[in-house]
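Take a look at the structure set out below.
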Amino acid sequence: MENQYKIIHQSSIVVDLHNDYMEERVNHPEHRLFANSKHHTDLARLKEGGVNVQFFVIWTRPDDHENHFTRAVELIDILNHDIDECNGEIKLAGSYSDILSTVANGKIAAVLCLEGGQLIGDNVDNINKLYTHGMRYLTLAWNYGTEWCGGANDDDSKGLTQFGKQVINRLNELGVMIDVSHVNKKSLDDVLAHTEQTIIATHSGAYAVNPVKRNLRDEHIKEIARRGGIIGSVFYPYFLNNTDKATINDVMNHINYIRNLTGSVDCIALGSDFDGIEITPDGLENVSKFPNLTKALFDSGYKPDEITKILGQNALRVFKNICG
Ligand SMILES: [Zn+2]
């Protein structure tokens, strides 16, 4: 059927694990969620794209701020303000039941997440404060990591320190998902050795398809899958094929590879990185275009229940298990 993919898309809960709206918002204060965003994300286009659950990223450039924790709280206030401007159409969610009730009411659930260990300001107790504000995953490092966890551009000898292990322990105690996108190989190995917890990679591809540092090696993909975790398919052309031009087929190459490697779709999710990327694949230009990916999955022979898992059920499964 010509339109079957649309029916699958509309009947699925669509979850995007990684959106950098806040980065555009800070650089261009006139870009606002409720209307008028000039870049990848706003309310009207989230609705058009059938997005039901949007993770909004709080991020700081590591060399930009004296006190990253203070800046994180300021950015969270700005995000809450922008969500309020949407007149109830978007609601911050902190639990699985929050998400389900918001989606059942036809609204978009927003989930707060933080990208980069610098944001906790070298104090594990700040993790509790950020949790209270709504943080439900922490990306342990950005491209340049911290003293306690190496990032993708750091030396591969740099691993997780004792303090880093305390961070992992605190995240586990609170029920905050551990995101290893951007984490370098040594630190990722250390995280896996330190905890048995399910972990996630919110916006990464497969290294075997495109060997760049931000993509995941086979052994890490298999271990994330074995633990019941998820990998958000990222849309950044350089991560997809190492050029500045990509198509939905390039996104599908990573999805197909991970499905074949792990034997199921259960670890595959969406992590667009919209508004955090300056270029996008053809057909996935902004948040209104997610249905095109559903069409590509359908046309590639994925079954409706597999598509529903990739679009959101896998992410919701992990969120429910870890965040409650
Ligand atoms: Zn990122």
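General remarks:
- Only Cα pairs under 8 Å and 6+ residues apart enter the sum, and on that basis the relative contact order of the stretch 18-67 stands at 44 percent.
- Qualifying chymotrypsin sites (Phe, Trp or Tyr not before Pro) in the stretch 104-202, where qualification requires a DSSP coil assignment and no more than 16 other C-beta atoms within 10 Å, comprise Tyr144.
- Rounded to 5, the percent of DSSP beta bridges in the chain classed as antiparallel: 5
- The residue list Leu297, Leu174, Leu240 was ranked by how far each Cα lies along the charge dipole of the stretch 14-323 toward its positive end, using unit charges on Cβ atoms, and Leu297 comes out on top.
- Extension gain from Ala104 to Asp122, taking 0.36 nm per residue of separation minus the Cα-Cα distance: 2.6 nm
- Its relative contact order, with pairs defined as Cα atoms under 8 Å and 6+ residues apart, puts the stretch 1-105 at 27 percent.
- ³J(HN,Hα) computed for each position of the stretch 256-273 - Karplus, 6.51 cos²θ - 1.76 cosθ + 1.60, integer Hz, glycine/proline x: 4, 4, 5, 4, 5, 5, 9, x, 7, 8, 5, 9, 9, 9, 10, x, 3, 6
- Under 5 Å, built H, 5+ apart or other chain: amide partners of His18: Phe55, Ser272, Asp273
- Loop-located GluC sites (Glu not before Pro) across the stretch 1-65 with a Cβ neighbour count of 14 or fewer within 10 Å are Glu2, Glu30, with loop assigned by DSSP.
- Once C-alpha pairs closer than 8 Å and six or more residues apart are averaged by separation and normalised to the residue number of the stretch 14-323, the relative contact order reads 20 percent.
- The ranking of Tyr236, Tyr257 from fewest to most other beta carbons within 10 Å of each one's beta carbon is Tyr257, Tyr236.
- Close amide H partners of Ile268, meaning residues 5 or more places away or on another chain with modelled amide H under 5 Å apart, are Ile231.
- Integer Hz, Karplus 6.51/-1.76/1.60 couplings in order for the stretch 202-214, x for Gly and Pro: 6, 8, 8, x, 9, 4, 5, 7, 8, x, 10, 4, 7
- Listed from fewest to most Cβ neighbours within 10 Å, the set Ile199, Ile221 follows the order Ile221, Ile199.
- Coupling constants for the stretch 112-117 follow from the phi torsions by the Karplus curve (6.51 cos²θ - 1.76 cosθ + 1.60, θ = phi - 60°), and in residue order they are 8, 9, 10, 10, x, x Hz; glycine and proline get x.
- The stretch 180-220-the stretch 86-113 distance, computed between alpha-carbon centres (Å): 29
- This ranking places Val26, Val103, Val167 by how few other beta-carbon atoms lie within 10 Å of each, fewest first, which gives Val26, Val103, Val167.
- Of the cross-linked pairs Lys91/Lys245; Lys38/Lys309; Lys289/Lys309, those separated by over 25 Å at the C-alpha level are Lys91/Lys245; Lys38/Lys309.
- Long-range HN-HN contacts of Tyr137 with modeled amide H, under 5 Å: Leu114, Met177
- Helical runs (DSSP H, four residues minimum) scored at -39500 (n - 2.57) apiece and divided by the length of the chain put the mean residue ellipticity at 222 nm at -12000 deg cm²/dmol.
Read the figures in this text as sums done on the coordinates, not as results from a lab. Worth saying up front: this structure is predicted, and the values here are computed from it rather than measured. All Cβ positions, even for glycine, are placed from backbone atoms using ideal geometry, and neighbour counts span all protein chains on display.
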